[in-house]
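See below for the structure under consideration.
The values are calculated or read from the model by the stated rules, or taken from the named source; none is laboratory data. Predicted, not measured: the structure shown is a model, and the values here were computed from it. Heads up, the Cβs are rebuilt from the backbone with ideal geometry, glycines too, and the neighbour counts pull from every protein chain shown. Note: areas computed on protein heavy atoms with side chains; ligands, DNA, RNA excluded. Shrake-Rupley method; radii C 1.70, N 1.55, O 1.52, S 1.80 Å.
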Amino acid sequence: MKSVLAILTVVVALVGFWYAACVPMNIHEAAMQAQRAGEEVTPAEAPERRHMGRISLALKNTGLWSTVFSQERPQLPAPHQVAQEFWKTTWGMIERGRAFSKRSLILHGWITLSATLLGFAFGTALGIVLAVSIVHSRAMDMSVMPWIIASQTVPILAIAPMIVVVLAALSVDDIVAKGVISMYLSFFPVVVGMVKGLRSPDAMQMDQMKTWNATRTETLWKLRLPSSTPYLFASLKVGVAASLIGAVVAELSLSSNGGLGARLLAGSYYGQTVQIWSALFAAAALAAVLVWAIGVAQKVTLKRMGFAQ
């Protein structure tokens with residue numbers, strides 16, 4: 001109960017701060033709309049005046065409050081505007097039988113989810129293979145690991161268009177191209193976590209496997225991999241979130257196919273800030289569901305393996 005109350009307190013505080021931030025962000029446009037509507041705005045209170053003057057204008061003219069929080073294209077949309085847009089483009093579309101129309105976040109979310117899961121699968125497989133190779137080969141550890149770390153210093157926004165162009169020239173399907181970009185971000189945490197996990201058995205455990213005359217393959221399957229399972233799941237939580245980011249970034253270059261990234265791009269083109277924020281919250285909700293699903297799988301798996309009660 002205390003944890004729920006703490007979470008609600010933080011949420012209420014954030015929403016309150018969000019509403020408060022809408023005033024200085026949107027008051028200029030609200031004052032301009034009031035002038036165009038014929039309302040009197042004195043020179044001292046004109047929207048061209050300094051920042052605090054615009055805020056005082058809103059405080060004096062209560063009629064501006066509704067405009068501040070209900071603009072069609074605000075610089076910062078109010079929480080209820082984002083909630084209304086999110087509801088309208090999800091459940092509202094379902095009620096109208098248009099769940100998979102181009103304006104539905106359900107369709108765009110599904111497109112992003114497909115690319116995310118594909119990239120996550122690629123990244124997880126690549127990360128595990130690289131980790132096993134690094135642990136069993138000093139040459140791989142000394143040569144490949146530094147390059148893996150260096151690869152994450154390259155901005156994904158810079159290489160995503162190049163990857164798209166190259167794969168398009170090879171006639172690779174767009175969802176595979178998105179998956180490759182997602183893989184680029186998701187494999188790194190898996191590599192790091194798995195290397196740490198595979199090296200987690202202590203010297204006594206390794207000596208015991210040698211006493212049993214176990215081969216390197218048997219040691220891997222019976223000791224190293226089971227010991228690395230907690231590390232793997234912790235890495236997968238980070239990896240799936242990174243994979244979602246990669247899918248959204250890829251959709252900025254492949255916007256014609258839809259997705260939450262395409263939704264963000266379209267909103268920025270036409271100044272639809274409410275649409276942008278609703279797509280951002282849809283992506284955040286999707287990431288939260290994916291991390292939660294991995295957490296459930298982690299709890300069940302570790303309990304069956306005897307790591308957790």
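Quick one: what are the phi-derived ³J(HN,Hα) couplings along segment 254-263, Karplus 6.51/-1.76/1.60 with θ = phi - 60°, whole Hz, x for glycine and proline?
Ordered by residue, 3J(HN,Hα) equals 10, 5, 5, 8, x, x, 5, x, 5, 5 Hz.
Calculate one ³J(HN,Hα) per residue across segment 201-215 by plugging θ = phi - 60° into the Karplus curve 6.51 cos²θ - 1.76 cosθ + 1.60, and present them in order as whole Hz with x for glycine and proline.
x, 7, 4, 5, 5, 5, 5, 5, 5, 5, 4, 7, 6, 6, 7
Could you work out the longest stretch of the chain that avoids the GluC sites (Glu not before Pro) located in DSSP loops with at most 15 other Cβ atoms within 10 Å?
On the way: sites that count: Glu39, Glu40, Glu48, Glu72.
In short, 73-309.
So what is the calculated 222 nm ellipticity per residue for the chain, using -39500 (n - 2.57) for each DSSP H run with n of 4 or more, over all residues, to the nearest 500 deg cm²/dmol?
It comes out at -25500 deg cm²/dmol, rounded to the nearest 500.
In whole Hz and in residue order, list the ³J(HN,Hα) couplings for segment 85-98 that follow from phi through the Karplus curve 6.51 cos²θ - 1.76 cosθ + 1.60, θ = phi - 60°; x for Gly and Pro.
5, 4, 5, 5, 8, 10, 5, x, 5, 5, 4, 8, x, 10
Calculated FRET efficiency, Ala99 and Gln75, Cβ-Cβ r, R0 25 Å, to nearest 0.05?
It comes to 0.20.
Looking at the calculated P(r) for segment 54-209, what percent of the C-alpha pair distances fall above 26 Å?
On the way: 6853 of 12090 pairs.
Summing the P(r) of segment 54-209 above 26 Å gives 57 percent of all pairs.
Hey, what angle do you get for helix 138-151 against the long axis of the chain, alpha-carbon based, 0 to 90 degrees rounded to 10?
Relative to the chain, helix 138-151 is tipped by roughly 10 degrees.
Largest first and in whole Å, give the semi-axes of the chain's equivalent ellipsoid, each being the square root of 5 times a Cα gyration tensor eigenvalue.
Computed over the chain, the values are 49, 23, 19 Å.
Of all accessible surface on the chain at a 1.4 Å probe, what whole percent is carbon and sulfur? Intermediate results must be reported in sequence, preceding the final value.
Working: 11740 of 17390 Å².
C and S atoms contribute 68 percent here.
Comparing Ile149, Ile27, Ile163, which has the greatest mean-square fluctuation in the GNM of the chain with Cα pairs linked when under 10 Å apart?
Ile149
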